[in-house]
Each structure stands twice: as C-alpha cells, then as structure tokens.
Amino acid sequence: MARIAGVNLPTNKRVVIALRYIYGIGPAKAREICTKVGIAAPKRVNQLSDAEVLQIREIIDRDYQVEGDLRREVAMNIKRLMDMGCYRGLRHRKGLPVRGQRTHTNARTRKGKARPIAGKKIATRK
C-alpha cells in the first residue's frame, strides 16, 4: 500500500485516480504528476515500484500544497474574510451560500435541514 502525504492510496485503482484521494490534487494535477514521473495511464498503484512511489512523494512535497497545509490555508482565508466583515465573510458567518446563489428555495446544503415555522399554515387544495 502506497502512503503519500499522509494518505493511504487504494491499491487496486489506477494511479491517476488514486492520487485524487489526496486533498488538493484533482484530475489535472494527478495527470501532471504522472507525466512528470513517467507513469503510464493504465498502471495501477499495486504495480508501482518503491522508486516510483518515492518520486511521486518528492514531486508532491516539492511542487504542490496538499492536505494539512492546504486545509489550514483555506481555513485562514475564510477566517480573514469573516474578521474583515466583508459580504463574503458575513455569508460564511451566517452559514449561507457565499457565491450569489438563491436562498428562497434550495440552498439546503448550506442552510441545513428545513425547520418548521410555528403558526405557518400549509396551503392545501380543495
């Protein structure tokens, strides 16, 4: 089992797919890393040699910000917006959508489960 950036990569998946399990590496960066190391597209994680795993680990450590460092930076950026009191910071503070989405309907992912309002009648058809 390959362990890169503190994440255990699944052994039976292709390397390009398995690298996406690392926070901060998506499809484009995973392909880029594989081309830098010289790994073929159909190659699986359990077929990697120790030298290739070491190369991948070194490239990720040197060129990319992933996992804990990236999470910390994102959290600090959100905290900075909230401390400034700008519009985006206020939306983060209230737990509402930040990027201009509607909230009259939808937005349930950000707002949480719908809570009933006391005294509000439900319209029924006759």
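The values are calculated or read from the model by the stated rules, or taken from the named source; none is laboratory data. Source: prediction; values computed, not measured. Note: ideal-geometry Cβ built from the backbone for every residue, glycine included; neighbour counts use all protein chains shown. Just so you know, the surface numbers come from the protein's heavy atoms only, side chains and all, with ligands and any DNA or RNA stripped out. Shrake-Rupley method; radii C 1.70, N 1.55, O 1.52, S 1.80 Å.
Once region 79-113 is narrowed to residues that are open to solvent by 60 Å² or more (accessible area, probe 1.4 Å) and touching a residue at least 12 places away in the same chain (Cβ under 8 Å), the residue that is nearest to N8 (Cα to Cα) is R110.
For region 1-52: of the residues being among the β-branched types (V, I, T) and closer than 14 Å to V66 by Cβ, which is surrounded by the fewest Cβ atoms within 10 Å (Cβ to Cβ)? Ranking the qualifying residues of region 1-52, first place goes to V7. V74 meets the conditions (1) farther than 30 Å from L9 by Cβ; (2) among the hydrophobic types (A, V, I, L, M, F, W, C); (3) open to solvent by less than 80 Å² (accessible area, probe 1.4 Å) in every case but one. The failed one is (1). Cβ-Cβ contacts under 9 Å between residues 6 or more apart (or on different chains), taken from a first residue in region 1-30 that is closer than 17 Å to S49 by Cα and without any contact (Cβ under 8 Å) to a residue 24 or more places away in the chain to a second residue that is surrounded by 14 or more Cβ atoms within 10 Å (Cβ to Cβ) and among the small types (G, A, S), are listed as N8/A2.
Take region 53-62 and flag every residue that is in contact (Cβ under 8 Å) with a residue 24 or more places away in the chain and either open to solvent by 60 Å² or more (accessible area, probe 1.4 Å) or under 14 Å from L9 (Cβ atoms) (or both). V53, I56, R57, I60, D61 - these are the residues of region 53-62 that are in contact (Cβ under 8 Å) with a residue 24 or more places away in the chain and either open to solvent by 60 Å² or more (accessible area, probe 1.4 Å) or under 14 Å from L9 (Cβ atoms) (or both).
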